[in-house]
Amino acid sequence: MPEETLFETEQRMDRTGVADYLRSLADSLDGDGPVTLRAGDSSISLDPPAEVEFEVKAEREGPADGDGELSIEVELEWPENAPRDGTDDSLSIE
């Protein structure tokens, strides 16, 4: 299936700034309305259903015998025309 990037931004931030951004994202997800991502003049609003596929991945990229780059990736995925109703199951991250 082909992939189309609808919105992308990358910037250097301190850990506190990242945490603040993730809290704002969490607050948006906790509400009933859409989630709006905005950077400069670009923005997109998405309306995730009550239940989504949630993925957290830790990766290391680079040579096996040298310094690489570490990352934490967080992804939410759902079918584009998913129904808005669903369960109220709790999700926790430890």
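Read-outs throughout are calculated quantities, based only on the coordinates presented, and are distinct from any laboratory measurement. Because the structure is predicted, anything quoted here is derived from the model rather than measured. For neighbour counting, all protein chains shown are included, and Cβ atoms are generated from backbone atoms with ideal geometry for every residue, glycine included.
Dividing the Cα radius of gyration of the chain by 2.2 N^0.38 Å, with N the residue count, gives 1.28. If the chain linking Phe7 and Arg60 were pulled fully straight, counting 0.36 nm for each residue of separation and taking away their Cα-Cα distance, it would gain 16.7 nm.
Modelled spin-label separation between Ser42 and Trp78, with each label point placed 7 Å from Cα along the Cα-to-Cβ direction: 2.3 nm. The fewest-to-most ranking of Thr36, Thr16 by surrounding Cβ atoms within 10 Å reads Thr16, Thr36. On C-alpha positions alone, give me the angle between the axis of helix 15-30 and the longest principal axis of the chain, in degrees, nearest 10. Relative to the chain, helix 15-30 is tipped by roughly 20 degrees.
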